[in-house]
Every structure is written in structure tokens, then in C-alpha cells.
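J.: Sharing a structure below in C-alpha cells format, with a few things to ask.
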Amino acid sequence: MKRILPGVIVMAAIVVASNILVQHLFGQWLTWGAFTYPLAFLVTDVMNRVYGAASARKVVFAGFVTGVICSFIGTQIMGEFGPLVTLRIAIGSGMAFLTAQLLDVAIFDRLRDGKWWRAPVVSTIIGGSVDTAIFFTIAFSASLTFLEPANDVSWAGEVLPLIGVGPEVPLWMSLAVADWLVKLALALFALVPFRLIVTKLSPNPA
């Protein structure tokens with residue numbers, strides 16, 4: 001446990017920071033949390049490469065527990081329109097994080113013997129895509145209103161052009177696409193710190 005403690009601490013910090021920053025908008029389609037949360041995949045991939053899949057899963061579970069705690073605290077804090085974290089957001093966030101991160105670990109482990117960049121890129125893109133799909137669907141789709149009938153998410157169903165330029169879709173889909181595009185971009189940018197960190201921690205980064 002001692003060797004992965006730095007990974008656990010960094011993962012927890014990312015989850016806490018993202019839960020705070022998601023409350024602040026960045027432009028029309030994103031929150032600041034969209035830029036910090038994808039770093040969780042970087043932490044998972046570094047742990048996976050250096051210490052193996054089992055250790056990476058322990059870091060993921062630590063992040064999940066931190067997220068659950070943050071969600072619980074958020075449900076107790078009242079904002080202008082109600083609790084900062086609703087039941088649907090809490091469920092969506094937890095399920096998305098755990099599913100996507102464990103999928104990332106499994107895919108990375110399957111691809112670990114290929115070129116050094118292949119495992120982190122493929123696992124992060126697939127994991128990030130699953131994360132976005134699960135979270136936004138559970139949190140905002142009108143088809144899942146039964147999860148929390150008292151929570152009015154009709155605003156998320158407002159029909160607008162996709163991220164301002166595409167076909168008309170519910171607003172939550174534009175939010176999801178914008179979030180997904182950020183994840184894709186960061187999956188590529190994260191290759192640099194991934195390589196540097198792995199090289200520093202492991203004598204055999206390939």
C-alpha cells in the first residue's frame with residue numbers, strides 16, 4: 001500500500017478538486033471540472049504501468065470512495081436551486097467513475113505489451129467515452145426521470161443546436177459532447193506527463 005500511496009493521494013485530490021470546480025462554468029458548454037477530472041485516467045494509467053493492474057484498481061477504489069464522500073457532502077449543501085449534488089448526479093458520477101476507471105485498467109492491462117503510447121491512449125479514450133455516456137445519461141436524460149422524480153432537469157432537455165453549430169438536440173447532449181472532446185484532447189496531451197512520470201518511477205517504461 002505504501003508504494004501506491006502517492007497515487008491514492010493524487011487521485012483523491014483530483015476527485016475533490018473536480019467536485020468543487022464542476023460548480024463553476026467555463027464558457028457555455030463546460031465547467032472547470034471538465035479539465036481536472038480526466039487527469040484521473042492519467043493517474044490510473046501510471047499506476048497500472050508501474051505497479052500493475054491490481055494496484056491501479058486499489059487507486060481507483062480510493063478515488064471512488066472519495067467521490068462518494070464528496071457527493072454526500074454536496075447533497076447537504078444547498079445552492080440557489082437546491083442541493084449542489086442531486087441523487088441523479090451522485091449516482092451518475094459514482095457509476096461513471098467506477099465503470100470507466102475499471103474498464104481503463106482492464107484495457108490498459110490487455111495492451112500493456114504493445115507500443116508504450118498505445119495502452120494509455122486507447123484505454124483513456126474508451127474509458128473517457130464510457131464515463132461521459134454514463135454520467136450525462138443518468139444525470140440528465142428525460143428517460144431516467146424516475147430515478148429522482150422531484151428533481152426537475154427539464155432545463156437539460158431544452159432543444160438547441162449541438163454545441164451551438166450542429167443539429168438540434170437536448171442541451172445535455174451538447175454538454176456531453178463538449179466534455180467528451182475535452183477528454184479526447186487530454187488523452188493525447190497526457191502522453192507527455194505519462195511518459196515522463198513512468199520513466200522516472202520505472203526502469204523499464206516500455
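The values are calculated or read from the model by the stated rules, or taken from the named source; none is laboratory data. The structure displayed is predicted, hence computed values, not measured ones. For neighbour counting, all protein chains shown are included, and Cβ atoms are generated from backbone atoms with ideal geometry for every residue, glycine included. Accessible surface areas use protein heavy atoms only, side chains included; no ligands, DNA or RNA. Shrake-Rupley method; radii C 1.70, N 1.55, O 1.52, S 1.80 Å.
J.: So which chymotrypsin sites (Phe, Trp or Tyr not before Pro) in region 104-139 pass both tests, a DSSP loop state and at most 12 other Cβ atoms within 10 Å of the Cβ?
T.: On the way: sites: Phe108, Trp116, Trp117, Phe135, Phe136; in loops: Trp116, Trp117.
Answer by residue number: Trp117.
J.: What percent do you get for the relative contact order of the chain when only Cα pairs under 8 Å and 6+ apart count? Before the final figure, lay out each step's value.
T.: On the way: 288 pairs, mean separation 43.6, N = 206.
Relative contact order comes out at 21 percent.
J.: Based on DSSP H assignment, which helices of the chain show an axial Cα extent of at least 27 Å together with a mean Kyte-Doolittle hydropathy greater than or equal to 0.0? Write out the running numbers ahead of the final one.
T.: Working: long enough: 53-75 (33 Å, 1.36); 87-111 (36 Å, 1.18); 118-140 (33 Å, 1.32); 171-189 (28 Å, 1.74).
Membrane-span-like by this rule: 53-75, 87-111, 118-140, 171-189.
J.: Excluding Met173 itself, what net charge comes from residues whose Cβ is under 14 Å from its Cβ, given Lys and Arg +1 and Asp and Glu -1?
T.: On the way: positive: none; negative: Glu158, Glu168, Asp179.
Charge balance near Met173 sits at -3.
J.: So, taking all protein chains as they sit and a 1.4 Å probe, how much accessible area belongs to Ile125, in Å² rounded to tens?
T.: Answer for Ile125: close to 60 Å² accessible.
J.: Using a Debye calculation, one point per C-alpha and no hydration shell, please list log10 I(q)/I(0) for region 98-206 at q = 0.12, 0.17, 0.20 Å⁻¹ in order.
T.: -0.55, -0.85, -1.01
J.: Which aspartates and glutamates have a Cα lying under 15 Å from the Cα of Lys200, excluding residues fewer than 8 positions away in the same chain?
T.: Of all the aspartates and glutamates, those that pass the test against Lys200 - Cα under 15 Å, at least 8 places apart if same chain - are Asp45.
J.: Go through region 112-175 and name the trypsin sites (Lys or Arg not before Pro) that are in a DSSP coil and have 12 or fewer other Cβ atoms within 10 Å of their Cβ. Let's see the in-between values first.
T.: On the way: sites: Arg112, Lys115, Arg118; in loops: Arg112, Lys115.
Listed in order of number, the matching sites are Lys115.
J.: Let's test the formula: R0 of 41 Å, r as the Cβ-Cβ distance of Leu196 and Gln76. What FRET efficiency results, to the nearest 0.05?
T.: Numbers: r = 40 Å, r/R0 = 0.97.
For Leu196 and Gln76, the calculated efficiency is 0.55.
J.: Counting Lys +1, Arg +1, Asp -1, Glu -1, what net charge surrounds Ala119 among other residues with beta carbon under 10 Å of its beta carbon?
T.: Numbers: positive: Arg49, Arg110, Arg112, Lys115, Arg118; negative: Asp45, Asp104, Asp109, Asp113.
Taking every Cβ under 10 Å from that of Ala119, the sum is +1.
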